[in-house]
Structures are given as C-alpha cells and as structure tokens.
1. Decide, for the range 33-89, between rounded, prolate and oblate: order the square roots of the alpha carbon gyration tensor eigenvalues as a ≥ b ≥ c, take rounded if a/c falls under 1.5, and otherwise choose prolate if a/b is larger than b/c, else oblate.
2. Under a Cβ-Cβ cut-off of 14 Å, what is the net charge of the residues other than G65 that fall near it, where Lys and Arg count +1 and Asp and Glu count -1?
3. Using each residue's phi in the range 78-95, evaluate 6.51 cos²θ - 1.76 cosθ + 1.60 at θ = phi - 60° and report the 3J(HN,Hα) Karplus result to the nearest Hz, with x for Gly and Pro.
4. If you work out Rg/Rh (Cα atoms, Kirkwood Rh) from the coordinates, which of (1) 0.99; (2) 1.21; (3) 1.06 do you get?
5. How much net charge surrounds Q90 when only other residues with a Cβ under 14 Å from its Cβ are counted (Lys, Arg +1; Asp, Glu -1)?
6. Between A16 and H63, what is the spin-label point distance in nm, taking each point 7 Å from the Cα along the Cα→C-beta axis?
7. Local charge sum around D114 (other residues, Cβ-Cβ under 13 Å, Lys/Arg +1, Asp/Glu -1)?
8. Which residue, R23, R39, R108, tops the fluctuation ranking in a GNM of the chain built on C-alpha contacts under 10 Å?
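Coordinate-derived values only; no laboratory data. This structure is a prediction, so every number in the text was calculated from the model and none was measured. Heads up, the Cβs are rebuilt from the backbone with ideal geometry, glycines too, and the neighbour counts pull from every protein chain shown.
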Amino acid sequence: MILVDCGSALGEETLAASFSADRRLMVVTEELPAWIGARRRIGALRSLHIADPIAELVVNRHHPGHPASAEAIEKAVGVPVLGHVRNAWQDVHGALQERMVLAQVAPRSLAAVDIASLAELLAVPTRRTGWGRIAAAVGR
C-alpha cells in the first residue's frame, strides 16, 4: 500500500495520483466549511470519470456526541464515511513535540487506537491496481 497525502490542493499531481489510486481517502472535520471543500474536491474527481467509490471520508478530530453525525456528513459531501479519528490534541501535540510517532508516545491515545483501526480497514485488498488503471486509460 502506498499512501499519498495530497492536502486540499487539486493540482495536476494530485489529480494524477487520485486517478491512478485504487482507493481515495478524504479527510474532513465535523465543520461545515470542511464538507463544502470536500464536496468541491469530489466534483473535481468525478470530472476524471473515476469509478465509484470515488472516495471515502475520514472524520478527523472527531468529538463523540457532536451533532454532526456520519450520516449528515455523508449526505453533505456525497461519499461514505470510512471511519473517524477522535480528537486527542494533547497526545498528538506531545508526539509532535517529541518528534515521534503517536503510537510510540501515546499508544493508548484515542487517536492512536482509531488510526490503527483505519490501518486495518485499509489493509484489505481492493480492486485492480493503479498501474492497471493507467494502462487501461492509455490503451495498453
């Protein structure tokens, strides 16, 4: 598995990586501006005629009990929520200060537990490889 952090920009490199990926994750928060931005990026990805699922969402800095449910986020953005990473600002900040991985500094952190769960979900094999998709697009 190769994971590419494209940020929120939609430049040529991001679109090329998105086109050739087997799976696309988009990180959002529970705030409306994040959903609006994600919906715009989903529209740009759809213009590449990528087969569904176009992307899946990961809700970052999730607060259990927040009024924004996974269903509301899915409806607003138009793609499913794969999972969430609970807010653990102190633990994450501590790892950054120590220049270490969160799982090393705070292995029981809610965020570390959620990230490990997402990693397990992502380890499941997916459709065909990105190289196969590129070859199909160029007619090979």
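1. The shape class here is prolate.
2. Numbers: positive: R61, R86; negative: E30.
Every neighbour counted, the sum reads +1.
3. x, 9, x, 8, 7, x, 9, 10, 5, 5, 9, 3, 4, 5, 5, 4, x, 5
4. Given (1) 0.99; (2) 1.21; (3) 1.06, the structure-derived one carries the label (1).
5. Every neighbour counted, the sum reads +1.
6. Placing both labels 7 Å along Cα→Cβ, they lie 4.1 nm apart.
7. Computed value for this residue: +1.
8. Highest fluctuation among the options: R108.
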